[in-house]
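Following: one structure in structure tokens, then a few remarks.
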């Protein structure tokens, strides 16, 4: 089944090295492993709100390769390949070989190369590990009459150590599916949870519980309001009325496509039954041509259509709701002791329930932007296509025998459309390469020019051994080999509570970093967009009293620029002499 890997290779080539977003989360993902490799202790010395596996695995690579963006990319690519391989195993079990190849190609085209985040840069490496590990665990646990439960348990353990909440959800799905065979519960859930608990206890030894809740993995016990806002936004629950309207619109569009496909199948079937096979073939070709034309118009809309088409939500918006509905129906039938049936019958209980748990993370907001669809959409999308083909097979007898074939043709057109959209996103606007001592990256303008300017300016400051930034500047510290004096690698909403903000402000005054970087990046999902204006005003005031403006880059650059201004900028501030502290 080489087709999905071919699609993966093509999209990797067209998006090559364009995966990083240097001002959101990537700095944390780069710097935390580096600090661990240098001997600092996770959660005690370095803030990190998730499990230890991701940072420590990356720290091993850091120790071996040193500061290297290509090495980190290779590590992420290995996890992405493992995830795709596990999905391939599942696809072969749920679908025929050709359908499995096509369905997995849809997954690759829709979810593997999203930005910001995604699989090929450490935007949220812990989430990538957890999802890949649980997908592999599912493949092992549902391996026919001889499941590899020990291997599945290792996958569950990896997920628990990467993202405990994701690991617990996966363990619950696998355990519930195996509830009628109690002996399986030990390797699938009990042993992994016990081993993970021991690991967390060992790594947390001597760290106060308050610190673990505030700066460590126990943040999941009492997540800050800003974190909850982000989770709601990723699930589309921040604006439910709008998201439900978008869902309804996507469903209407899909229903129109489904009606056209069914009509073509019915016409082709009648023509065949009457002996007019050329006419039947022509009807099928006409449908595929119409779908291709619609895809072309959507990919290359005229000026008069562009605005209207931009209002259409992604068609994958319906996938999470469909999968959750199927999983709920399966659960009801299972509790009643009824046999598995329906369009999703090739998908085992554990697969459907785990897909539903993943789908819940993007419930009303599945699309082609951001990290959560990249991580949590692939398995639901694969399950949804298994259900789609199951429904087509069942309806084919009544509607037309060519219905499954036309569904496959429609998905093929969709793969081409999505591949072209990925190509357009990464090639149709200005990008520029930015070289750093740790390797080059390719960024969109004006971010590329501003980033290159900041790198050059910081390189001219040989005495600037420490760098901090608002909301985040870890990318610069990493590629230039500088230190961050704060436990925190980013200052987005929820990173600090009131006490933490006072502590950070005091540290900034007492031991200021040699350079302070400000980037005009907004925290939209958290509900408090602008640093200094909407969140952490005391920390911002302390910085402005202790630092002076040095240089700024980007179209919004200026001595009076503030985070939240319309234009992008990155600013460098330097410590003001003690004798002449001034506010700007």
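Just so you know, all these numbers are worked out from the coordinates, no wet-lab data involved. None of these values were measured; they are calculated from a predicted model. Every residue, glycine among them, receives a Cβ derived from its backbone with ideal geometry; neighbour counts consider all protein chains shown.
Observations on the structure shown:
- In this calculation the C-beta distance from residue 307 to residue 6 is compared with R0 = 22 Å, giving a FRET efficiency of 0.05.
- Translational D in µm²/s for the range 243-283 (Stokes-Einstein at 4 °C, 1.567 mPa s, Kirkwood Rh from C-alpha pairs): 113
- Among 250-256, 342-348, the peptide with the highest mean count of other Cβ atoms within 10 Å heads the list, and the full ranking is 342-348, 250-256.
- Relative to the longest principal axis of the Cα atoms of the chain, the long axis of helix 149-162 makes an angle of roughly 40 degrees.
- Paired Rg and Dmax values of the range 431-580, which use every Cα atom, in angstrom: 14.6, 44
- The chain - mean residue ellipticity at 222 nm from DSSP helices (-39,500 (n - 2.57) per run, n ≥ 4, rounded to 500): -19500 deg cm²/dmol
- Counting only alpha carbon atoms, the long axis of helix 53-65 and the longest principal axis of the chain meet at about 70°.
- The per residue volume of the convex hull around the alpha-carbon atoms of the range 190-286 is 203 Å³.
- Within the range 311-436, the ratio Rg/Rh, alpha carbon atoms throughout and Rh by Kirkwood, equals 1.07.
- Residue separation of residue 98 and residue 332 scaled by 0.36 nm, minus their Cα-Cα distance, works out to 81.1 nm of gained length.
- Its relative contact order, with pairs defined as Cα atoms under 8 Å and 6+ residues apart, puts the range 250-415 at 31 percent.
- Counting all C-alpha pairs of the range 1-84, share separated by more than 15 Å (%): 63
- Cα gyration tensor shape for the range 81-210, rounded if a/c is under 1.5, else prolate or oblate: oblate
- In the chain, the longest principal axis of the Cα atoms and the axis of helix 498-510 are about 40 degrees apart.
- Computed over the chain, Kirkwood Rh from alpha-carbon pairs, angstrom: 25.5
- Residues residue 510 and residue 460, FRET efficiency given R0 of 25 Å [Cβ-Cβ distance, rounded to 0.05]: 0.40
- Neighbour-count ranking [beta-carbon atoms within 10 angstrom, fewest first] of 3, 212: 3, 212
- Measuring between their Cα centroids, the range 515-577 and the range 22-60 lie 24 Å from each other.
- Tensor-based shape of the range 507-584 (alpha-carbon gyration tensor, a/c under 1.5 rounded, otherwise prolate or oblate): oblate
- Ratio Rg/Rh, restricted to the range 3-240 and using Cα atoms, in which Rh is the Kirkwood radius: 0.97
- Full extension of the segment from residue 176 to residue 412, taken as 0.36 nm per residue of separation minus the current Cα-Cα distance, would add 81.4 nm.
- The slack between residue 257 and residue 522, meaning 0.36 nm per residue of separation minus the straight C-alpha distance, is 91.6 nm.
- Taking the range 127-249 and dividing mean pair separation by its residue count, relative contact order in percent (alpha carbons under 8 Å, at least six apart): 18
- Gyration tensor (alpha-carbon) shape descriptor, the range 422-517, a/c threshold 1.5: oblate
- Beta bridge orientation in the range 431-580: antiparallel %, DSSP, nearest 5: 70
- Extending 7 Å from the Cα toward the beta-carbon at both residue 398 and residue 559 defines two label points whose distance is 7.6 nm.
- The smallest convex shape that holds all Cα atoms of the range 459-510, its convex hull, gives 76 Å³ per residue.
- Residue 483-residue 431 FRET efficiency (beta carbon distance; Förster radius 35 Å; 0.05 resolution): 0.70
- The ellipsoid equivalent to the alpha-carbon distribution of the range 238-373 has semi-axes of 32, 26, 11 angstrom, derived from the gyration tensor eigenvalues as √(5λ) and listed largest first.
- Separation between Cα centres of the range 166-224 and the range 420-461, rounded to whole Å: 39
- Between residue 85 and residue 534, the modelled labels are 4.2 nm apart [label points 7 Å from Cα along Cα→Cβ].
- DSSP beta bridge pairing in the chain, given as percent antiparallel to the nearest 5: 65
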